[in-house]
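A quick write-up on the structure given underneath.
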C-alpha cells in the first residue's frame, strides 16, 4: 500500500510537470500565430468600420501587457491558469474565456468520456469472448460489424440518423437542449432534457470508438493467449472460463487500460465534426470556430490546454489503474 | 510392455495449416517405466516438444492424431487411461498436473507475470488435491524450501520477475512436483540457464526424482546433458525416432549416422585440437518431408537406390538398443545370404 501511495505521488508530480511543459508548448504555439491579440482585435474593429492607427496598436499592446518578454508573459499566463483557473479574455470577443466556455467544456468532456466508457464496456467483454471463441459465425459477424464501424465516418452516421429521424419521426435530433432549457440554470429537468439529447452524440462517437476498441482488445487477447504462461497454466489443469479470466484476460487488461488515454484523444478529435453536424453549439465546435473562423488564439489556447490537461489526467488515472493491475508497474523504478 | 508407466504406440501427429496437413511426428513409439529417465534428443523441429506436449494434450486446436496412435497412461493401482481418447478439458486434469507435470524452457515466460508465484502454486493444488487453502500454502512453501529457495515464505508472495533465472526454474520444479505427479516432462529445462546453474538444477531434479519415485521425460538438444541425466535415450529426427537405447549404448556406440553426427558436433574438452564435424545441410522443412529414410538428404552414408525409396524398420543391435537405418538391414540381409 505504501508502495502504491509512493507510486501515486511520483506519478502525480510527473503529471503536473507534463502539464507545465504542455502549457509552455501551447503558449508558444499561441505566439506563433501571425499577429498579436492587439493587432487582431483592432483589425476586427476595422472591419466593423472604425479607423485605427499604429499608435492605437501600440497602446493596445501595452494595455494587454504584450510588450513584456515572452517568458514573463508565459509565467503570468500559466500562473493564472494553475493558481486561479483563469484563462484571461478572448482576443476578439473581449469577454472572459471562463465565462465563454462556461459548462461547454465540461459537457464536451462528459460526452467524450461517456462515449469512451460505453465503448470499452462493450468492447472488453465482447473482445475477450470473441478472441476465445471458436465459433466462426460469431467471429465473422463481429469482425464485419467492427470493420463496418471503423470504415463508416462519424459524420455520415450522424447524417443518416438525422435523416431517418426527420423522415420517420419529424424530429431533427439536433442540439443538446430543448429551447426552453438552453439558457436556464442547471436543474433536474434540464439535466433530463440534456440526457434525452446527449445520447445521440454519445452513440455516434461511441460507435467508432467501440469498433476500434474491439479490434484492440481482440488483438491483445490473441497475443496473450499464445503466450507460454497460458500453456503452462493449462498444463497445471486449468481450463475453461477460470483459465480465460484469470490468465489471458487478466493480463490483457493492462495494455487495454493503457490505450484509454490515446482513445480519449481520438474521440475528442472527432467531437468537433459530429458537433457541427448536430449543431451542438455547446460542445466541441467552439474550438473549430475559434481556430478557423476568427483566429482567436487566446480562446484556442485555452481549449487546447484544457483538452491536453484532460488527457494528462486520464493518463494519470490509467497509470494508477495499471499499477493496481500489474505488479511490474507498481514496483518499477519510477514508483520507487 | 505392461509395466510401463506411459506407453506411446505409433504416435503420428499432423497439423492442419493453410498449406495443408503437415506431419510433425510419425509413428513414434516408446515406453517410460516408473522412476525411469528417458532422454528425448533432437534438433529444433525434430518433433520432440510436440511429442511431449501430446502426452498432456497441450498441442493446439489444429492438431490431428492418426487413428492408430495410442498413448496409454498406466498408473499402478489405477485403471489405464487412453490419453488420446479424452474429449473434455475437465477430464484432462488427470494428465495435466495430475499424473503428469511439465516444466518449460523459459521459466520466466511460464509464470503468469501478474500473479504471485505462491498463488499459482496454491491454485494448482486446489485443483488436484483436497487440501484447504491454508494447507496448500503450507505445502507450497515447504516445496519452495525443498528446492533450495531461501526465505520461501517471503518468496511465496513475490512475482516471477523478482526471482533470478535459476530460482525461477527451481520454483517451476517445486510447482510441478507439488502435486506428486508420476511423470515429469522437462522440456529443455536448463537451456536458458547459465552452465553452473544448469548443473545445480539437473542435480536437484535427479535428487527429487529419486525421492519422489517419479519418471522423467527429459527433452533436450544437448547430448552432454543427456549423458549426465538419463537412463535411456531416444534420438529424434524430423518426427521419427531413429535410434533408441541405454545412455551407455547410444553414447558409447552410436549406430545411426545422425546420432554419430550429433556426437561429433559436440566440443570435446579432453581434446581441444579435435575438429568439430557439423552435420552437413539443414533440417528440411516439414512441408517437404524427404521420402524413404527422412535423414537420407543429409546422410554421409546414404545408400543410393535404397534410402530414398524405403522407410527403414528397426534393427535390434543389443538389449534395448534399436536403430532405424538401412545400413543395418542391408548388413543383416548380407549376413543371411
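Taken over chain A, the alpha-carbon convex hull comes to 191 cubic angstrom per residue. Measuring nothing but how far apart in sequence close Cα pairs (under 8 Å, 6+ apart) lie, relative to its length, the stretch B:81-192 scores a relative contact order of 42 percent. Per-residue shielding of B:112-122, expressed as the average number of other chain Cβ atoms within 10 Å of the residue Cβ, stands at 4. Relative contact order for chain A: 29 percent, from Cα pairs under 8 Å spaced at least 6 residues apart, divided by residue count. Distance between the C-alpha centres of the stretch B:94-109 and the stretch A:104-155: 37 Å, rounded to the whole angstrom. For chain B, the 222 nm mean residue ellipticity estimated from helices alone, with every DSSP H stretch of n ≥ 4 adding -39500 (n - 2.57) and the total spread over all residues, rounds to -9000 deg cm²/dmol. With a Förster radius of 35 Å applied to the C-beta separation of residue B:21 and residue A:147, the computed FRET efficiency comes to 0.65. Computed on chain B, with alpha-carbon pairs under 8 angstrom and 6+ residues apart, the relative contact order is 19 percent. Note on chain B: Rg/Rh from C-alpha atoms, Kirkwood Rh, equals 0.99. Based on the alpha-carbon gyration tensor of the stretch B:197-277 and its eigenvalue square roots a ≥ b ≥ c, which shape applies: rounded if a/c is under 1.5, prolate if not and a/b is larger than b/c, or oblate? Oblate shape, in that a/c is at least 1.5 and b/c is the bigger or equal ratio. Helix A:54-64 versus the longest principal axis of chain A: what is the Cα-based angle in degrees, 0 to 90, to the nearest 10? Helix A:54-64 and the main axis of chain A meet at about 50 degrees. This ranking places A:218, A:40 by how few other beta-carbon atoms lie within 10 Å of each, fewest first, which gives A:40, A:218.
Calculated [222 nm] ellipticity per residue, helices only, for chain A: -24500 deg cm²/dmol; basis is -39500 (n - 2.57) per DSSP H run with n ≥ 4, divided by all residues, nearest 500. Listing B:119, B:182 from fewest to most neighbouring C-beta atoms within 10 Å gives B:119, B:182. Rounded if a/c is under 1.5, else prolate if a/b beats b/c, else oblate: with a ≥ b ≥ c from the C-alpha gyration tensor eigenvalues square-rooted, which is the stretch B:13-89? Cα axes put the stretch B:13-89 in the oblate bin. Rounded, prolate or oblate, given the Cα gyration tensor of the stretch B:113-180, with a/c below 1.5 counting as rounded? Cα axes put the stretch B:113-180 in the prolate bin. Across peptide A:320-328, the mean count of Cβ atoms from other chains lying within 10 Å of each residue's own Cβ comes to 2.
Could you check which residue among B:171, B:112, B:227 shows the biggest mean-square fluctuation in a GNM of chain B with a 10 Å Cα cutoff? Top of the fluctuation ranking is B:112. Here the average projected area of the convex hull drawn through the C-alpha atoms of the stretch A:104-281 stands at 12.2 nm².
Please report the antiparallel percentage of the DSSP beta bridges confined to the protein assembly as shown, to the nearest 5. Write down the numbers at each step before the final one.
Details: 30 of 48 bridges.
The answer is about 60 percent antiparallel.
What ranking of B:131, A:19 emerges when the number of other C-beta atoms within 10 Å of each C-beta is taken as an exposure proxy, fewest first?
Lowest count first: B:131, A:19.
All of the numbers you see were taken from the coordinates with simple rules; none came from a lab. Please read these numbers as outputs of a predicted model, since none were measured by experiment. Don't worry about glycine lacking a Cβ; one is built from the backbone with ideal geometry, like all the others, and counts go over all protein chains shown.
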